[in-house]
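The values are calculated or read from the model by the stated rules, or taken from the named source; none is laboratory data. The structure displayed is predicted, hence computed values, not measured ones. Heads up, the Cβs are rebuilt from the backbone with ideal geometry, glycines too, and the neighbour counts pull from every protein chain shown.
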Amino acid sequence: MWGVGVRWCFFNWNVQQGPNQWITDRVDGLITDATNSPFTTVILPYMYMDYPDRKVEWNVWTFDQGLASRVPYESAARTLTQRKQSFSGYTVRQGLAITMEHNFMMTSQGMENFQNQIKQVVGSIQNTNDLDVHMALITAPSYMKQVRERYYLEDYLQKALRDYIDTFGFVQKNMNAMDILIEDTKSLISGWGGTEPDFLMCSNKLCFQLTMTQERTAYLTQGADGKKLLRDGPTMDMYRGLKIVKSKAFSLDEGSAPRDILRRRVRVGEYYTGNLSNLQSVELYDEDSDNFESLSVSKIWHSLVESGSSATDAITSSSCLRCISDNIAAIKNCMDGEEGHQKFSLLLLRPNIEHYMLGLVIGKGGMDHLGATLWGQTEMSVFDDGQHGVWGMTYKYHERAMVFNEVGVCVYVCAYVLCICVCMCVHMCVCVMI
Amino acid sequence: MCVYVCAYVCVCYDLRTDNETKQRNLHRIWDVAYDGYCGGKDMSVMKWSDSGVEEYIEKCNNVNTNFDGASIICVPILTEECFKSPMPLCNYQDKGTKLLATSDLHIHDIQNYASKQISCNITREALAQVHKTLQMHNDYQIVKDACEAVGVGETTQCRLLYKGTSNFKFKDATNKQTFGCGHHGHDYVGVAAVRNGKSLMAATAPHINISTVDSGAASKPKA
């Protein structure tokens, strides 16, 4: 079918210059049907828009469910609170092009090359849309933040800090970490009044933790199934009722390796403290050598003074902290343990301990629950460049992945395909009914 | 009603919610697994000199690449008061500064938090000096949380310092050992593999209780 179409396209080349609906439909079909990407099917599925270059707006209504309180006769009842938030966004026009030599159709290799280039366009566009879904999930408003702002409690900060410390590198700290995280999130979302989540998006490396547990790698105890499992490797499509979606790495920065959005660098800090008087050395862990190394008191002293080792040199140091420069002689006395010295504490700071860390996203995907990848106004346009002896195709389209974070059900999906007048009528009817 | 209709005319696509449902269907959990060490936990010491401070500030502010500056900052403080973990490294006088505490939670009221964590004025002043001298305030850029930083490939910086693993050795052959309690927990030889995402953290060996029962005492009649 494709080959016939290509030949037809080639032999009618002069006729096909400019926008080409036939090829556009084929490429559209390949993108939406053939790629079957979990990001644009499970999480934020494709949703076609006839006029995507206009503003997209949506409202989120929040109705808090409260408990009725006792009310005396002839007095006012407590009013329930409600909230409306409005959001808006635009789809973005994007495009890609391919070029071929004029006479590529004369050979079967040229035909094959053309077919591969079309697939390349399809793959690239799907890749772009996948990235957009990643970014939409990352930048979507966090309901957790809203909860914090609205129900901030006195001890919340301490609890949040404790939670973060406990879950920092949790997968390496606890064998059942993923189970705990998933069940914890389910419970959290349920507490918000959300729907049971159905997908878990995480880095490919994090999936190892799900597939390499002791139960799943006990090949010897599972007989023939165990041998098959060892041969094929443990796979993981579903886990605790969640579809596992592996996040992708994208080439986002010029000249650097593709980057996984759910993998990031994090700096955290530590401090070490003890008495300075009579100090000989401090042993600290060095992650470069994976061992404890000694930091001598002379090295500490030389870090405090600009040159030499005498106290008078250090006082002239302009960058030195006042708390050091004002007391440099006393610090030296304290270090040497001279009689009558002042009691200093030594504070060692390590504020930039940096590691790569992995994250995950859990949610309920789909248009009805989370959002959509809006797209439309696609156009495959054919051009001919006689001067350079090439012809090519340009594919342009509108696209934007959006998380309508708290959107429940889009009851007026029909608005996309109906005209404005119909929308007006529907809403007028609704308003009249209200 | 007229106003409503007019407003709607302006909006061609209005994705409206079902009023009956209130669904919050997305939750992000950051930093749940280690995937490699970048820097900042070696034995290099920052020098309190013009060039040393300048170099440190430059390395510290480069949040687009792995940290390769000096790891340790030495600050002698004239106090005998204990330091409480976590210790906020910030300017305690500045009311406008906010501090990233977790992956996406900021502390806005630093003064209130600091008063709970550090009661010693000398310590506070010293930390404020460190913060100011090393330009850790980052006034020229927005303090990003995980969601904002990950999109542009930047590192987030948490200025809440937790007590780390250390052993202070003194000239009189005594020592003071401290166990780490922060993000990374306790340090031990071999933990680098854990923080490279290739191993699980070693669980503490179960404590062995030894009790001795005197059989004679058990058979002895009560008085």
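Tabulated values for the structure
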| read-out | value |
| --- | --- |
| Matching entry among B:166, B:119, B:115 (being of a type in the set (Gly, Ala, Ser) and touching a Ser or Thr at 6+ places or on another chain (Cβ under 7 Å)) | B:166 |
| Top-ranked residue of region A:230-274 - restricted to ones that are within 12 Å of chain B (Cβ to nearest Cβ) and in contact with a helix residue (DSSP H, G or I) (Cβ under 6 Å, 6 or more places away or on another chain), ranked as surrounded by the most Cβ atoms within 10 Å (Cβ to Cβ) | A:264 |
| Residue that is farthest from residue A:177 (Cα to Cα) [pool: residues in region A:211-228 that are among the aliphatic types (A, V, I, L, M) and modelled with pLDDT of 75 or more] | A:224 |
| Pairs, first hydroxyl-bearing (Ser, Thr, Tyr) in region A:173-187, second assigned to a loop (DSSP other than H, G, I, E, B), C-beta under 9 Å, six or more apart | A:185/A:197 |
| Which numbered condition residue B:159 misses (of (1) touching a Leu at 6+ places or on another chain (Cβ under 6 Å); (2) at pLDDT 90 or above) | (2) |
| Single condition residue B:84 does not satisfy, out of (1) part of a loop (DSSP other than H, G, I, E, B); (2) facing chain A (nearest Cβ under 8 Å); (3) within 16 Å of the chain's Cα centre (by Cα) | (2) |
| Qualifying residue in region A:253-270 (condition: in a helix (DSSP H, G or I) and within 26 Å of residue B:176 (Cα to Cα)) | no |
| Filter result (within 20 Å of the chain's Cα centre (by Cα) and in a loop (DSSP other than H, G, I, E, B)) within region A:147-194 | A:168, A:169 |
| Answer residue from region B:93-104, given it is out of contact with any strand residue (DSSP E or B) (no Cβ under 6 Å at 6 or more places or on another chain) and either surrounded by fewer than 19 Cβ atoms within 10 Å (Cβ to Cβ) or not in a loop (DSSP other than H, G, I, E, B) (or both) and is nearest to the other protein chains (Cβ to nearest Cβ) among those | B:93 |
| Among (1) at pLDDT 50 or above; (2) out of contact with any Phe, Trp or Tyr (no Cβ under 8 Å at 6 or more places or on another chain); (3) at the interface with chain A (Cβ under 7 Å from one of its Cβ atoms); (4) surrounded by fewer than 21 Cβ atoms within 10 Å (Cβ to Cβ), the one test that residue B:62 misses | (3) |
| Of all residues making up region B:157-173, the number that are free of Cβ contacts under 8 Å to residues at least 60 places away in the same chain and buried (at least 17 other Cβ atoms within 10 Å of the Cβ) | 8 |
| Verdict on residue A:30 being modelled with pLDDT of 80 or more, surrounded by 11 or more Cβ atoms within 10 Å (Cβ to Cβ) and closer than 17 Å to residue A:402 by Cβ | no |
| Failed condition for residue B:116, given (1) out of contact with any strand residue (DSSP E or B) (no Cβ under 6 Å at 6 or more places or on another chain); (2) closer than 19 Å to residue B:181 by Cβ; (3) part of a loop (DSSP other than H, G, I, E, B) | (3) |
| Those residues of region B:178-192 which are more than 21 Å from the chain's Cα centre (by Cα) and either hydrophobic (A, V, I, L, M, F, W, C) or within 27 Å of residue B:82 (Cα to Cα) (or both), in sequence order | B:189 |
| Those strands (runs of 3 or more DSSP E) lying entirely in region A:335-403 with at least 3 residues surrounded by fewer than 18 Cβ atoms within 10 Å (Cβ to Cβ) | A:371-385, A:390-403 |
| Subset of region B:119-140 [part of a loop (DSSP other than H, G, I, E, B) and without any contact (Cβ under 8 Å) to a residue 12 or more places away in the chain] | B:139, B:140 |
| Leading residue by the ranking (farthest from the chain's Cα centre (by Cα)) among those in region B:157-177 that are within 7 Å of another protein chain (Cβ to nearest Cβ) and in a loop (DSSP other than H, G, I, E, B) | B:172 |
| Qualifying positions in region A:165-207 - more than 7 Å from chain B (Cβ to nearest Cβ) and of a type in the set (Ser, Thr, Tyr) | A:187, A:190, A:203 |
| Per-region count, region A:318-334, residues more than 7 Å from chain B (Cβ to nearest Cβ), touching a strand residue (DSSP E or B) at 6+ places or on another chain (Cβ under 9 Å) and in a loop (DSSP other than H, G, I, E, B) | 0 |
| Residue in region A:337-356 that is under 30 Å from residue A:242 (Cα atoms) and modelled with pLDDT of 80 or more present | yes |
| Odd one out for residue B:112, checked against (1) more than 7 Å from every other protein chain (Cβ to nearest Cβ); (2) touching a residue at least 60 places away in the same chain (Cβ under 8 Å) | (2) |
| Test set (1) of a type in the set (Gly, Ala, Ser); (2) surrounded by 21 or more Cβ atoms within 10 Å (Cβ to Cβ); (3) assigned to a loop (DSSP other than H, G, I, E, B) - residue B:33 fails condition number | (3) |
| Residue count, region A:172-199 (criterion: in contact with a helix residue (DSSP H, G or I) (Cβ under 7 Å, 6 or more places away or on another chain) and over 25 Å from residue B:37 (Cβ atoms)) | 4 |
